[in-house]
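Data block below; observations after.
The values are calculated or read from the model by the stated rules, or taken from the named source; none is laboratory data. Treat the numbers as computed from the prediction; the structure is a model and nothing was measured. Positions of Cβ are generated from backbone atoms using ideal geometry, with glycine treated the same way; all protein chains shown enter the neighbour counts. Keep in mind that these areas ignore ligands, DNA and RNA; they rest on the heavy atoms of the full protein, side chains included. Shrake-Rupley method; radii C 1.70, N 1.55, O 1.52, S 1.80 Å.
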Amino acid sequence: MDDCLDGSSDGYAGRMEVIEGRSGRRQRSEAERARIAAESLWPGARVVDVARRHGVTRWQVYDWRKKLAAGKLAVPDEMMSEPAFAALVVETPPEEPGKPSGPLPARRIKLSLADVTLRVEADIDEEQLTRVIRAIRAGSR
């Protein structure tokens, strides 16, 4: 061999060591990723400790937590200590004949100012209501 890396003529280039560490490249199931992410969310849990315990990088745990929050990972049932909440769906009742649709308008407004309680119709003129409120405030001083 004519070309040597260290310039010596015996062909020896030096010593090379390969150090293996955690690469985080192990393929994990979706349930396992969700379980690890959920474990990192327990009170008092530190992401770095959870990652070390499972042989993954903390960045993977952060990514899995983000996917868990977005609903892209599902937590296995055995990890759930309490029942999960379902999405709230509000259905509108079917319309009955003869009833107006939509919310009913307020008929009266009740205001409590200082020691005075004021009850007015809902269709009161805004300027008139403003004058009454100012008069009540001026009288209570």
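Table: residues versus (1) at pLDDT 75 or above; (2) open to solvent by 100 Å² or more (accessible area, probe 1.4 Å); (3) not in a loop (DSSP other than H, G, I, E, B).
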position	(1), (2), (3)
LYS72	yes, yes, no
PRO97	no, yes, no
GLY102	no, no, no
THR117	yes, no, yes
ILE124	yes, no, no
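The residue pairs whose first member lies in segment 88-117 and is over 26 Å from ILE133 (Cα atoms), whose second member is open to solvent by 100 Å² or more (accessible area, probe 1.4 Å) and modelled with pLDDT of 70 or more, and whose beta carbons are closer than 6 Å, counting only pairs six or more residues apart or on different chains, are SER101/GLU95.
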